[in-house]
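One structure is given below, encoded as structure tokens.
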Amino acid sequence: MTENKTELQVAAIENGTVIDHIPSDKLFKVVSLLGIEKMDNNVTIGFNLESKKLGKKGIIKIAGKFFEEEEINRISLVAPNAHINVIRNYEIVEKKTISIPDKMVGIVKCNNPKCITNNEPMTTIFTLTDREKGILKCHYCEKEQNKNNIEVL
Amino acid sequence: MKNRSLVAIEEYSKEKILYMLEMAKEFEKRPNRKLLDSKIVATLFFEPSTRTRLSFETAANRLGAKVIGFTDPKVTSSSKGETLKDTILMVSNYADVIVMRHYLEGAARYASEIAPVPIVNAGDGANQHPSQTMLDLYSIYKTQGTLENLNIYMVGDLKYGRTVHSLLMAMRHFNPTFHFIAPDELKMPDEYKLFCQKHNIKYFEHREFNENVIADADILYMTRVQRERFTDLMEYERVKNVYILHNDMLCKTKDNLRILHPLPRVNEISYDVDDNPKAYFIQQAQNGLYAREAIICDVLGITLDDVRNDK
């Protein structure tokens, strides 16, 4: 077996999506943003796996699930560098990158304490006003914040 | 039906602003109408604002509408923990239009998304106050005969002053030249200077406030420098008397200059200015009545033609 690659830390899937290189402390946030706990699919979650890049990383393998770009972009703010691999027949057939969507509904908490969204049971809406600088604007109070300072709901 | 609410001044195009000013002009000719004879206007003031409320309620009454509402949230269920949504939906059962003032930013936007009736934002925290901007624009239009190519001088608290920010953004259509006169701590924020650059609007910044600086002004828009805005109280003591307008500072100004102020004034315009014909801040408040009559009619679908044909 020495000529083969080292043993996988999490078993391979035949068809589906692998989300790799998730920072460990963001893993369960990613799970919840993608609604994985509500899925019926066969899901393998690896937590605190060794990673050369991140030290510790998380990985999620979802059998039989192929995400729309819109869905997967929901995690762009918590795991911007995650790798999305689309698997068919045990082979990676596509690698996707994540980009911040133009509109984020119910993802970001507004950091303005006087914003209506922090005082009323309601859904937040943010728009991306400057992609390069990562500036998000609250649809309600119109305050802007940088993606590096955001709190995800 | 399209939501006709007025939440933010940016929703108005140049054409719409001019259209609304024409409508206000009609109401100035004849403020008392029966256009809203069978309508009910609700004024929900989740924070007190006497001037704004009196102005809106007068506008509604002069249009023949009946007014319901509250002036102080302590007497309503929001003090018992009722959500804004429930309050708005409940009042929507009774009223044809809701004029609301709220201490939270974004409250009016949210209300406009859930209410089946139009919402008029009468101020949401430090965010938007579009009817104030419309009355400022109407006052400028009326006194200068145009909104185009004017020299507009803004004085005082340009950092927190919501009215100056909204006016600046609404004037972008009309090729103004701005002069920002403020102490360092209350300077015009960068985002608005960037806004000017982006829209090719000329602006100049000044720290001094004297007869030479303002000699070329068409509009002098005064605001109050408030003690509580300063982190450095030494700085406040240094500047508190610098941004006060005295009558003798008007000696070199142009004949067409008019002095505006969103009110209430405390001491930033000294009382010797009041009798100068260039003082305009009391009439400015009266213009608020006409601007608000126009806004209430517009959100209810009443057009300029309807107003002109109303005999």
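Give the residue that is nearest to the other protein chains (Cβ to nearest Cβ), with candidates limited to residues of region A:124-138 that are crowded, with 20+ Cβ neighbours inside 10 Å and of a type outside the set (Ser, Thr, Tyr). If you could, list the steps in order and put the result at the bottom.
Filtering region A:124-138 for residues crowded, with 20+ Cβ neighbours inside 10 Å gives A:124-126, A:136, A:138.
Going one step further and asking which of them are of a type outside the set (Ser, Thr, Tyr), we end up with A:125-126, A:136, A:138.
Working: A:125: 10, A:126: 12, A:136: 14, A:138: 7 Å.
Here the residue is A:138.
Which condition breaks for residue A:101 when tested against (1) buried (at least 17 other Cβ atoms within 10 Å of the Cβ); (2) within 30 Å of residue B:102 (Cα to Cα)?
Residue A:101 satisfies all of (1) buried (at least 17 other Cβ atoms within 10 Å of the Cβ); (2) within 30 Å of residue B:102 (Cα to Cα) except (2).
Could you please find all residues in region A:80-120 being out of contact with any His (no Cβ under 6 Å at 6 or more places or on another chain), in a loop (DSSP other than H, G, I, E, B) and either at pLDDT 90 or above or farther than 23 Å from residue A:54 by Cβ (or both)?
Those that are out of contact with any His (no Cβ under 6 Å at 6 or more places or on another chain), in a loop (DSSP other than H, G, I, E, B) and either at pLDDT 90 or above or farther than 23 Å from residue A:54 by Cβ (or both): A:89, A:90, A:101, A:102, A:106, A:110, A:111, A:112, A:113, A:114, A:119, A:120.
Restricting attention to region B:13-41, and to residues there that are touching a strand residue (DSSP E or B) at 6+ places or on another chain (Cβ under 8 Å) and touching a residue at least 60 places away in the same chain (Cβ under 8 Å), which single residue is surrounded by the fewest Cβ atoms within 10 Å (Cβ to Cβ)? Walk me through how you get there before you give the answer.
Start the filter on region B:13-41 by keeping residues that are touching a strand residue (DSSP E or B) at 6+ places or on another chain (Cβ under 8 Å), which leaves B:39-41.
Pick out the ones that are also touching a residue at least 60 places away in the same chain (Cβ under 8 Å) and you get B:39, B:41.
Details: B:39: 19, B:41: 24.
Ranking the candidates gives B:39 first.
Would you pick out the residues in region B:7-49 that are under 14 Å from the mean Cα position of the chain (by Cα), assigned to a helix (DSSP H, G or I) and not hydrophobic (A, V, I, L, M, F, W, C)?
Correct list: B:10 only.
What tally of residues in region B:214-252 results from selecting those that are within 26 Å of the chain's Cα centre (by Cα), assigned to a loop (DSSP other than H, G, I, E, B) and over 17 Å from residue B:184 (Cα atoms)?
6
Residues are listed down the side, and each one gets a yes or a no for (1) under 30 Å from residue B:40 (Cβ atoms); (2) within 14 Å of chain A (Cβ to nearest Cβ); (3) of a type in the set (D, E, K, R); (4) buried (at least 24 other Cβ atoms within 10 Å of the Cβ):
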{"position": "B:128", "(1), (2), (3), (4)": "yes, yes, no, yes"}
{"position": "B:133", "(1), (2), (3), (4)": "yes, no, no, yes"}
{"position": "B:143", "(1), (2), (3), (4)": "no, no, no, no"}
{"position": "B:150", "(1), (2), (3), (4)": "no, no, no, no"}
{"position": "B:162", "(1), (2), (3), (4)": "yes, yes, yes, no"}
{"position": "B:169", "(1), (2), (3), (4)": "no, yes, no, no"}
{"position": "B:172", "(1), (2), (3), (4)": "no, no, yes, no"}
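Name, by its number, the condition in (1) in contact with a Lys or Arg (Cβ under 9 Å, 6 or more places away or on another chain); (2) within 10 Å of residue B:154 (Cβ to Cβ) that does not hold for residue B:176.
The single condition residue B:176 does not satisfy is (2).
Tell me whether region A:43-62 contains one or more residues that are closer than 29 Å to residue B:166 by Cβ and of a type outside the set (A, V, I, L, M, F, W, C). Outline the logic, then answer.
Step one: filter region A:43-62 for residues closer than 29 Å to residue B:166 by Cβ, giving none.
Looking through region A:43-62, none of the residues is closer than 29 Å to residue B:166 by Cβ and of a type outside the set (A, V, I, L, M, F, W, C).
Scan region B:106-153 residue by residue and report those that are under 13 Å from residue B:9 (Cβ atoms) and touching a Cys at 6+ places or on another chain (Cβ under 7 Å).
The answer is B:127, and nothing else.
Working only within region A:108-123, note down all residues that are at the interface with chain B (Cβ under 7 Å from one of its Cβ atoms) and in contact with a strand residue (DSSP E or B) (Cβ under 8 Å, 6 or more places away or on another chain).
A:112, A:114, A:115, A:116, A:117
Residues checked against (1) outside any strand (DSSP E or B); (2) assigned by TED's automatic domain parsing to the domain that holds residue B:58; (3) among the acidic types (Asp, Glu):
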{"residue": "B:90", "(1), (2), (3)": "yes, yes, no"}
{"residue": "B:94", "(1), (2), (3)": "yes, yes, no"}
{"residue": "B:113", "(1), (2), (3)": "yes, yes, yes"}
{"residue": "B:117", "(1), (2), (3)": "yes, yes, no"}
{"residue": "B:123", "(1), (2), (3)": "no, yes, no"}
{"residue": "B:134", "(1), (2), (3)": "yes, no, no"}
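Is it true that residue A:132 is under 21 Å from residue B:102 (Cβ atoms), acidic (Asp, Glu) and without any contact (Cβ under 8 Å) to a residue 40 or more places away in the chain? Break it down stepwise before answering.
On the way: under 21 Å from residue B:102 (Cβ atoms): no; acidic (Asp, Glu): yes; without any contact (Cβ under 8 Å) to a residue 40 or more places away in the chain: yes.
It is false that residue A:132 is under 21 Å from residue B:102 (Cβ atoms), acidic (Asp, Glu) and without any contact (Cβ under 8 Å) to a residue 40 or more places away in the chain.
Here is a list of conditions, (1) touching a residue at least 40 places away in the same chain (Cβ under 8 Å); (2) away from chain A (no Cβ under 14 Å), and residue B:92 meets all of them except one; can you say which number that is?
(1)
Output the residues belonging to region A:139-153 that are closer than 18 Å to residue A:74 by Cα and either away from chain B (no Cβ under 11 Å) or part of a strand (DSSP E or B) (or both).
Once the filter is applied, which keeps residues that are closer than 18 Å to residue A:74 by Cα and either away from chain B (no Cβ under 11 Å) or part of a strand (DSSP E or B) (or both), region A:139-153 yields A:145, A:146, A:147, A:148, A:149, A:150, A:151, A:152, A:153.
Kindly evaluate residue B:9 against the criterion of being more than 14 Å from chain A (Cβ to nearest Cβ) and among the β-branched types (Val, Ile, Thr).
Numbers: more than 14 Å from chain A (Cβ to nearest Cβ): no; among the β-branched types (Val, Ile, Thr): yes.
So residue B:9 fails the test.
Could you grab me the full set of residues in region B:136-163 that are farther than 22 Å from residue B:286 by Cβ and not in a strand (DSSP E or B)?
B:148, B:149, B:156, B:157, B:158, B:159, B:160
Report whether or not residue B:168 is within 21 Å of residue B:216 (Cα to Cα), hydrophobic (A, V, I, L, M, F, W, C) and assigned to a helix (DSSP H, G or I). Walk me through how you get there before you give the answer.
On the way: within 21 Å of residue B:216 (Cα to Cα): yes; hydrophobic (A, V, I, L, M, F, W, C): yes; assigned to a helix (DSSP H, G or I): yes.
So residue B:168 fits the description; yes.
How many of the residues in region B:133-172 are closer than 22 Å to residue B:120 by Cβ and small (Gly, Ala, Ser)?
Residues that pass the stated criteria total 4.
Which ones in region B:96-111 are more than 14 Å from chain A (Cβ to nearest Cβ) and either part of a strand (DSSP E or B) or among the β-branched types (Val, Ile, Thr) (or both)?
Going through region B:96-111, the residues more than 14 Å from chain A (Cβ to nearest Cβ) turn out to be B:96-99.
Within region B:96-111, B:97, B:98, B:99 qualify.
Quick check: is even one residue across region B:299-309 touching a Lys or Arg at 6+ places or on another chain (Cβ under 7 Å) and part of a helix (DSSP H, G or I)?
Taking every residue of region B:299-309 in turn, at least one turns out to be touching a Lys or Arg at 6+ places or on another chain (Cβ under 7 Å) and part of a helix (DSSP H, G or I).
The values are calculated or read from the model by the stated rules, or taken from the named source; none is laboratory data. Keep in mind the model is a prediction, meaning the values are calculated, not measured. Cβ: placed from backbone, ideal geometry, glycine included. Neighbour counts: every protein chain shown.
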